[in-house]
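K.L.:
Provided herewith is a single structure, encoded as structure tokens, for subsequent inquiry.
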Amino acid sequence: KTQRTGEGRGVRGTCDDSCESQCDSDEHPMSSAQPKSPGSGLAVTINFIAAALSKKLQGDEVDYMFVVKQLEAADHRNRWIQGMTGCVDAITEKHAQLVTCLLQIDWHANADVTVSYKELLTALVSAHPGFAPDVLAMLIEQMLPPQLGACPAEDGSETLQVYINQRYDAVHNILSEVLRIVPSAIERTFALIVATFPHKLRPVDVQVDYLKNLLRIIVYAPHIQDQALRLIIDRLVEIDVEIKLEEHAEDAEEEDVFAMEDDVDAELENSRVNEMANKLDQMLKLIYQFFATAAAENSAGLTPTFQALLQAFEESVLPVHKSKATQFVVFYAACLHPSFPGMFLERVLLMVADKAGAPLIRQTCSAYVGSFLARFQPLAEEQLRDSFGFLIREAQTWLSELRPEELYPDPVKHAVFYTLCQSILYSACFRRDELMNIGADLCTELNGILSSPLNPMRFCLDTVVKEFAKVAPMLGIVWDESVLDRLASEQMEHGNCSYQLDMFFPFDPYLMDESRGFIDSIYEVWKYGEDEDDMQENDDSPRGTGSESISVSGSFGDMGVEYGRLARSNSNPNLSLIHI
């Protein structure tokens, strides 16, 4: 024990052949007799290191620097690492150079070195927690792919990937043990995770590897889960907003919101998704896999995770204008437990109703509700009807709180109201079967909203208004011919004019190719084509009675146009996908 604590008095052990090969015998501090067994050789090494550490404190650095050089050398490194473990108690802050050397060596050379290195680092942080930040920094840094030339395998080879995976396994093996030994290091660990997270312009393999490793950390360090999810969503959004579209033709042909997805699959096969979109796609796939695995193991215990995800969604996704795909993380996670869709809807509906909230956030939340009601296939009918009724009552409340002199159309002053109306119409078009006969009270309120002096039909997107004209009788709303004539007249007079809402529906068709398999099975596609009325003449469905068919082939407007163009092939000379 005396030798381990560095109190050996000038111990100069003997050196075996392996150590003698490192330097000339005249200068070698361990040039005495060769030990008689491997065990005695390790003991001599421990004694020598302990003495060197002690002499360093007294100002004699010769043996100390020799130890540093032995750790830097690749040959016989394992014996010196084991020797350091044997006298780790003797290390002090004045031996920082030695610790720095330890943290810079290649400890992935072979399995024996890796095992010995783990024992050394865990012993070091256990005896000296002050060194934990440096150890953590090294481990977090190694969650990025190794640089070219730093691997014993060729780039792109299967052997390289095996090496990298083994490297990551070893890092997590040590990190999990360090966090177990020093629980207080968790905050420092997360700070390092944030600082090391790759910049959005780093290559896709760097982004994917780091995210994969971060998700692994969450499993054995659940205390950072909430912070980590917020960080991940925030970084996804940073990449998401870089995916932009460049229009070369000002008068590009507009498309139909309801017919758009009919062409998605064919167009997507020929599209060239840029590098940023590919990064987002690959990272989203990892997130979906993470949630799917967690749900399979314990779906009931996933509630805190989903709550943390909702908080991240509110902080990072909601403020972003027209996020392309990051919002689908919440969409997918909502299918993993029956209570999750209601939790999501309750959160956004409360923000819709928050009169103290920013109007733009209230509009965005309204768009999310309408799009979720329309597109989330597993949504229970009761939740659908309750949320649909909530939107109607919110719109009615808006009207009832206006003074008589405020009852006039104004797309700026009444933007929240018009967004509510558009979400109501949009979700009704998609879910007409489930919403059939919504009840006399709601029908009366909805009829009053749509026929109010604010004239919401004028400000909603034309294709939505046209389709809703077919749906209204199915809900129990009876319109006479004058209403339909007025809608047609306003369409001819105004067309898709500039004062219509600059709106989007966040859960428009999902175009990320690699990760879309997680979304397709829970996604409600548009199933009512232009020939719907003709088809219904041959069945007994009550849908479609009482309303003349209005073509859906009109303007696509703002709704989903970016998604349609994102899917388009670059063979179209008028449209191209760019990364800014």
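K.L.:
So Tyr408 passes all but one of these: (1) open to solvent by 60 Å² or more (accessible area, probe 1.4 Å); (2) part of a helix (DSSP H, G or I); (3) touching a residue at least 12 places away in the same chain (Cβ under 8 Å). Which condition number does it fail?
P.N.:
Condition (2) is where Tyr408 drops out.
K.L.:
For the range 448-460, check the following and say yes or no: at least one residue is within 18 Å of Glu381 (Cβ to Cβ) and out of contact with any Asp or Glu (no Cβ under 6 Å at 6 or more places or on another chain).
P.N.:
So in the range 448-460, the residues within 18 Å of Glu381 (Cβ to Cβ) come out as none.
There is no residue in the range 448-460 that is within 18 Å of Glu381 (Cβ to Cβ) and out of contact with any Asp or Glu (no Cβ under 6 Å at 6 or more places or on another chain).
K.L.:
Residue pairs, Cβ under 7 Å, 6 or more apart or interchain, first in the range 514-526 and of a type in the set (A, V, I, L, M), second part of a loop (DSSP other than H, G, I, E, B). List them.
P.N.:
Ile519/Tyr510; Ile522/Gln377; Ile522/Pro378
K.L.:
For the range 280-362, please list each of the helices (runs of 4 or more DSSP H) lying entirely inside it that holds at least 3 residues being surrounded by fewer than 22 Cβ atoms within 10 Å (Cβ to Cβ).
P.N.:
Numbers: elements: 303-312, 328-333, 340-352.
Counting at least 3 such residues, we get 303-312, 340-352.
K.L.:
If I filter the range 452-471 for residues that are open to solvent by 30 Å² or more (accessible area, probe 1.4 Å), over 23 Å from Phe505 (Cα atoms) and hydroxyl-bearing (Ser, Thr, Tyr), do I get at least one hit? Can you show your working first?
P.N.:
Quick first cut of the range 452-471, residues open to solvent by 30 Å² or more (accessible area, probe 1.4 Å) only: 453, 458, 466.
Pick out the ones that are also over 23 Å from Phe505 (Cα atoms) and you get 453.
Right, trim to hydroxyl-bearing (Ser, Thr, Tyr) and you get none.
Looking through the range 452-471, none of the residues is open to solvent by 30 Å² or more (accessible area, probe 1.4 Å), over 23 Å from Phe505 (Cα atoms) and hydroxyl-bearing (Ser, Thr, Tyr).
K.L.:
Follow-up. Can you confirm whether the range 425-448 contains a residue that is part of a helix (DSSP H, G or I), closer than 26 Å to Phe507 by Cα and open to solvent by 20 Å² or more (accessible area, probe 1.4 Å)?
P.N.:
Here is the first cut: in the range 425-448, the residues part of a helix (DSSP H, G or I) are 425-430, 440-448.
With the extra rule that they be closer than 26 Å to Phe507 by Cα, the set shrinks to 425-430, 442, 446.
Now drop any that are not open to solvent by 20 Å² or more (accessible area, probe 1.4 Å), which leaves 442.
Taking every residue of the range 425-448 in turn, at least one turns out to be part of a helix (DSSP H, G or I), closer than 26 Å to Phe507 by Cα and open to solvent by 20 Å² or more (accessible area, probe 1.4 Å).
K.L.:
Still on this structure, I have one more. Within the range 418-450, can you find the residues that are among the β-branched types (Val, Ile, Thr) and closer than 16 Å to Lys470 by Cα?
P.N.:
Narrowing the range 418-450 to residues among the β-branched types (Val, Ile, Thr): 419, 424, 438, 444, 449.
Within the range 418-450, Ile424, Ile438 meet the criteria.
K.L.:
Just the residues that are surrounded by fewer than 17 Cβ atoms within 10 Å (Cβ to Cβ), at pLDDT 90 or above and not in a loop (DSSP other than H, G, I, E, B), please, taken from the range 474-527.
P.N.:
Across the range 474-527, the qualifying residues are Gly517, Asp520.
K.L.:
Looking at the range 89-201, what helices (runs of 4 or more DSSP H) fall wholly within it and have at least 2 residues that are open to solvent by 30 Å² or more (accessible area, probe 1.4 Å), touching a helix residue (DSSP H, G or I) at 6+ places or on another chain (Cβ under 8 Å) and farther than 17 Å from Ala221 by Cα? Outline the logic, then answer.
P.N.:
On the way: elements: 96-104, 111-127, 132-141, 158-181, 186-196.
Filter on the range 89-201 gives 96-104, 111-127, 132-141.
K.L.:
Take the conditions within 17 Å of Lys285 (Cα to Cα) and open to solvent by 30 Å² or more (accessible area, probe 1.4 Å) and apply them to Asp234. Does it pass? If you could, list the steps in order and put the result at the bottom.
P.N.:
On the way: within 17 Å of Lys285 (Cα to Cα): yes; open to solvent by 30 Å² or more (accessible area, probe 1.4 Å): yes.
When the stated conditions are applied, Asp234 passes them.
K.L.:
Considering the range 354-385 alone, what residues qualify as being within 25 Å of Ile519 (Cβ to Cβ) and without any contact (Cβ under 8 Å) to a residue 12 or more places away in the chain?
P.N.:
Answer for the range 354-385, where residues must be within 25 Å of Ile519 (Cβ to Cβ) and without any contact (Cβ under 8 Å) to a residue 12 or more places away in the chain: just Glu382.
K.L.:
Among the residues of the range 204-221, write down those that are without any contact (Cβ under 8 Å) to a residue 60 or more places away in the chain and either open to solvent by 80 Å² or more (accessible area, probe 1.4 Å) or outside any helix (DSSP H, G or I) (or both).
P.N.:
Listed by number, the residues that qualify are Arg216, Val219, Ala221.
K.L.:
Still on this structure, please answer the following. Taking the condition of being open to solvent by 10 Å² or more (accessible area, probe 1.4 Å) and outside any helix (DSSP H, G or I), how many residues in the range 411-422 meet it?
P.N.:
3
The values are calculated or read from the model by the stated rules, or taken from the named source; none is laboratory data. Small disclaimer: the values here were computed from a predicted structure and weren't measured. All Cβ positions, even for glycine, are placed from backbone atoms using ideal geometry, and neighbour counts span all protein chains on display. For the accessible areas, the whole protein counts, side chains as well, though only heavy atoms, and no ligand, DNA or RNA atoms are used. Shrake-Rupley method; radii C 1.70, N 1.55, O 1.52, S 1.80 Å.
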